Amino acid sequence: MKHKDNDNNKKISFVPKTHPRYKSLLNREKVVEALDKGILAKAGLTAHGRGEAFDYLIGEKTTDIALKSIKASAAMLVLAENPVISINGNTIALAKDEIVQLAEELNGKIEVNLFYRTKEREENIKKAFEEDLTIKEKLNNNKIKLLGLNDANRQIPNLDSLRGKVSEKGIYSADVVLVPLEDGDRTEALVNMGKKVISIDLNPLSRTARKSTITIVDEITRCIPLLTKYVKEYKKMDKKALKNIVDNYDNKENLKEMLNYISNRLKTMDLG
Ligand code: PTJ
């Protein structure tokens, strides 16, 4: 956990850079810090732990199987007319800056959508974006838009949780929605509304993973920069080629490949 240095008030980390699992422990620090700041839901800690466990099984790296999903997602996002990136407490804790960079390459739309929605968390999230002067400038220049805070006036049909409250300009009218670290109900409801849903979920067995149009089974901080890289690249490609990438992608097949990958990896693991 980050704490304040007594002498100069500077934040320091307990995790040495030489630690073999530095990145993973740094992510833990980030979620704990977001909990302290009232951004993360308490349940977000257990959700993170579940993600970590699956990442262990995958080998804590982006597999070629996930890369296929990332490329198909990038093509789908570039082809979209009104793509929206949905964010929750965990996503903000781990990948706020990366999400902003991705949104800038698209139409700038980021929508806050919380399962454990409280006024206090909404305000803390707004503060987290506006406190960062680079992000504040992008918000002021309309390069990115933070939706879902004061304008979540529309309702996703057949979804009883507070995740159902969405912005008209955002998720409600979107054709493609990117949903990192999701719980399954909303994915299904969005698909039922005729939207394409791209999810990021380390658990290939989750309902979100199975119900999404494309599931990226990868860790969020690893895959968002890759997604941005391919979005940048694909913006230069013609629509027919991009449509081909999307049409050749099969989500069920991809999830099966991922389960086989995990199973083979475990069977052939050297425990020495
Ligand atoms: O911020 P709120 O109020 O919207 O609440 C967010 C949580 C995460 C608490 C809520 O959406 C929830 O309960 O989610 P679930 O059902 O636990 O699903 C989260 C999924 O994200 C799990 O399947 C995890 O495996 C996966 N996950 C966790 N950490 C990561 C991850 N996937 C990718 N990268 C991660 N770092």
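The values are calculated or read from the model by the stated rules, or taken from the named source; none is laboratory data. Just so it is clear, the model here is predicted, and its values are computed rather than measured. Please note: Cβ atoms are built from the backbone with ideal geometry, for glycine as well, and neighbour counts cover all protein chains shown. Side chains are part of the model used for accessible areas, which takes the heavy atoms of the whole protein and leaves out ligands, DNA and RNA. Shrake-Rupley method; radii C 1.70, N 1.55, O 1.52, S 1.80 Å.
A few points about this structure:
- 16 Å Cα-Cα reach of LYS211 towards lysines, excluding residues that sit fewer than 8 places from it in its own chain: LYS195, LYS196, LYS252, LYS256
- Reach of LYS143 by Cα under 16 Å, taken over aspartates and glutamates that are not fewer than 8 positions away in the same chain: ASP97, GLU98, GLU104, GLU105, GLU111, GLU130, ASP132
- Modelled label positions at LEU271 and GLU104, each set 7 Å beyond Cα in the direction of Cβ, lie 4.8 nm from each other.
- Estimated dipole of the chain in Debye, rounded to 20 [Cβ of Lys and Arg +1, of Asp and Glu -1, Cα centre]: 140 debye
- Derived scalar couplings ³J(HN,Hα) [segment 247-262; Karplus, 6.51 cos²θ - 1.76 cosθ + 1.60; whole Hz; x for Gly, Pro]: 5, 7, 9, 10, 5, 4, 4, 5, 5, 4, 4, 5, 5, 5, 4, 5
- For segment 205-219, putting each phi into the Karplus relation 6.51 cos²θ - 1.76 cosθ + 1.60 with θ = phi - 60° gives couplings of 9, 5, 5, 4, 4, 7, 8, 6, 6, 9, 10, 9, 8, 7, 6 Hz, in residue order, rounded to whole numbers and with x for Gly and Pro.
- Rounded percent of accessible protein surface that carbon and sulfur make up, segment 139-272, 1.4 Å probe: 48 percent
- Considering only alpha-carbon pairs that sit under 8 angstrom and 6 or more positions apart, the relative contact order computed for the chain is 22 percent.
- Computed from the Cα positions only, the extents of the chain along the three principal axes stand at 59, 55, 39 Å, in decreasing order.
- Here's the list of aspartates and glutamates a cross-link from LYS61 could span, going by alpha-carbon distance under 15 Å and ignoring same-chain residues fewer than 8 apart: GLU52, ASP201, ASP218, GLU219.
- Solvent exposure of the chain as accessible area per residue, Å², 1.4 Å probe: 51 Å²
- Paramagnetic label zone (point 7 Å from Cα along Cα-to-C-beta, ASN158; backbone N under 13 Å) in segment 168-189: 185-189
- Per-peptide packing, taken as the mean over residues of other Cβ atoms within 10 Å, places 207-219, 62-74, 242-254 in the sequence 207-219, 62-74, 242-254 from highest down.
- Student exercise, segment 44-169 dipole from Lys, Arg, Asp, Glu Cβ charges, in Debye to nearest 20: 300 debye
- Share antiparallel - DSSP beta bridges, segment 64-264, percent rounded to 5: 10 percent
- Nearest-20 debye value, segment 56-101 charge dipole, Cβ charges on Lys, Arg, Asp, Glu: 80 debye
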